[in-house]
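The next block holds one structure in the form of structure tokens; read it before the comments.
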Amino acid sequence: MKTLIEKANGQSIQKAAQILKSGGLVAFPTETVYGLGADALNAKAVKKIYLAKGRPSDNPLIVHIAQLNYLNEIAKDISAKAIELTKKFWPGPLTIILNKKDYIPYETSGALDTIAVRFPANSLAQKLINAANLPIAAPSANVSGKPSCTHFSHVINDLDGKIDMIIYEESEKEFSFGLESTIIDMTLEIPVMLRPGAVTLEMLKDCIGDVIVADNLLNDNEHPKAPGMKYKHYSPKAEVIIVSGNLENMSAKINELILQSENKKIGVLASDQTKNLYNNCLVLSAGNRNNLLDVAENLFSILREFDLNDIEIIYAESFPQNDIGFAIMNRLQKAADYKIIRV
Ligand code: AMP
Ligand code: MG
């Protein structure tokens, strides 16, 4: 299949919307990561997403809307607290799990009776969804298991020839976060945060009171409750090993590991504060440790850059777990398959 790759303008948005309406696949940017969109009401179209990504069929999709009144069309039993969340955080990087309306295909919900819904803040995403005038199922636009895409070149790398169209923006400024949305399950008596993201636990609690964090986010051995969270995720080709401790111990340990790995191609995922401490390897800084939003934005593109350089082992520094740091470390731990050396 030939994949159209087009910069966003009035014409290309109409073309992309037409493809979505006729059951095709379009990758588009959001303020978190690129999404791979299909008509959420068309089971056949949704199946193509799973095929293109190589995604297991029990890993449900997030449905994107660009007008609040669509929420009542696709979800039911919407609590007052869920409404509060939509008022406070939409459009934005928060996905809300609700009971689904019966006509939503099980292909979209991964065979569940619930549905994940998000209203993205990126204006191109909104224009496209409104032009298609449909709820759009859109998981991250990467090959299953790989880091999500934060630049259209990443999408080309993963999905060229497998989808109908990639639409992108010249300016990447609207990528404010670079990590996938926070997910909260609002179908339970006490809401549960299933995936951390830019909307933090504190922000959720401030808005609706009690929120529980899913056990598997706190304890590596716990089986995840969110379908999809059990699969391999965010993994570059290289083996990732996290080193955790204070800056001095962490960098000393990583230098020791570099020396021990002499005949391998080594990468170090460092920070602005530490990038000059390492030699004889590819050092990439995720940004300033005092600006975790920056680190979040850069994380996935850096993991992909190590792959482009055929790095075999990545030693990754760890980052503070406060605010968006919780989401950063969640993605990094999954990329490392929980291999962590504590010093
Ligand atoms: P992605 O869009 O690739 O970030 O993946 C979407 C993720 O949302 C899935 O992997 C699930 O973990 C989660 N998700 C989607 N729908 C549901 C649902 N109905 N219940 C719980 N988690 C969900
Ligand atoms: Mg994903």
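The values are calculated or read from the model by the stated rules, or taken from the named source; none is laboratory data. The model shown is predicted, which means the values in this text are computed figures rather than measured ones. We place every Cβ from the backbone using ideal geometry, glycine too, and count neighbours over all the protein chains shown.
For Asp310, are the conditions met, namely being assigned to a loop (DSSP other than H, G, I, E, B), at pLDDT below 95 and of a type in the set (D, E, K, R)?
Here the answer is no, as Asp310 does not meet what is asked.
Of the residues Tyr234, Tyr278, which single one is surrounded by 16 or more Cβ atoms within 10 Å (Cβ to Cβ), touching a Phe, Trp or Tyr at 6+ places or on another chain (Cβ under 9 Å) and at pLDDT below 95?
Exactly one of Tyr234, Tyr278 is surrounded by 16 or more Cβ atoms within 10 Å (Cβ to Cβ), touching a Phe, Trp or Tyr at 6+ places or on another chain (Cβ under 9 Å) and at pLDDT below 95, namely Tyr234.
Among the residues in the stretch 189-207, are any polar (S, T, N, Q) and modelled with pLDDT of 95 or more?
Within the stretch 189-207 (the criterion being polar (S, T, N, Q) and modelled with pLDDT of 95 or more), the answer is yes, since at least one residue qualifies.
When the residues of the stretch 13-40 are narrowed to those that are within 19 Å of Glu170 (Cα to Cα) and of a type in the set (S, T, N, Q), which ends up nearest to ligand 1 (Cβ to nearest atom)?
Taking the candidates together, the pick is Thr32.
Which residue out of Ile254, Ile258, Ile241 is in contact (Cβ under 8 Å) with a residue 12 or more places away in the chain, surrounded by 15 or more Cβ atoms within 10 Å (Cβ to Cβ) and assigned to a strand (DSSP E or B)?
Residue meeting the stated conditions: Ile241.
Confirm whether Asn249 is in a helix (DSSP H, G or I), modelled with pLDDT under 85 and out of contact with any Ser or Thr (no Cβ under 8 Å at 6 or more places or on another chain).
no
Which fully enclosed strands (runs of 3 or more DSSP E) of the stretch 1-93 have 1 or more residues being crowded, with 21+ Cβ neighbours inside 10 Å?
Here the list reads 26-28, 35-39, 62-64.
Could you tell me which residue of the stretch 150-178 is surrounded by the fewest Cβ atoms within 10 Å (Cβ to Cβ), considering only residues that are at pLDDT 95 or above, within 16 Å of ligand 2 (Cβ to nearest atom) and part of a loop (DSSP other than H, G, I, E, B)?
My answer is Lys162.
Which count do you get for residues in the stretch 189-218 that are within 14 Å of ligand 1 (Cβ to nearest atom), part of a helix (DSSP H, G or I) and buried (at least 20 other Cβ atoms within 10 Å of the Cβ)?
1
Within the set of pairs 6 or more residues apart or between chains, which connect a residue that is within 18 Å of Asp39 (Cβ to Cβ) and within 13 Å of ligand 1 (Cβ to nearest atom) inside the stretch 135-159 to a residue that is part of a loop (DSSP other than H, G, I, E, B) and among the basic types (Lys, Arg) with Cβ atoms less than 7 Å apart?
Pro139/Arg55
Restricting attention to the stretch 94-113, which residues are surrounded by fewer than 17 Cβ atoms within 10 Å (Cβ to Cβ) and of a type in the set (Ser, Thr, Tyr)?
Tyr103, Tyr106
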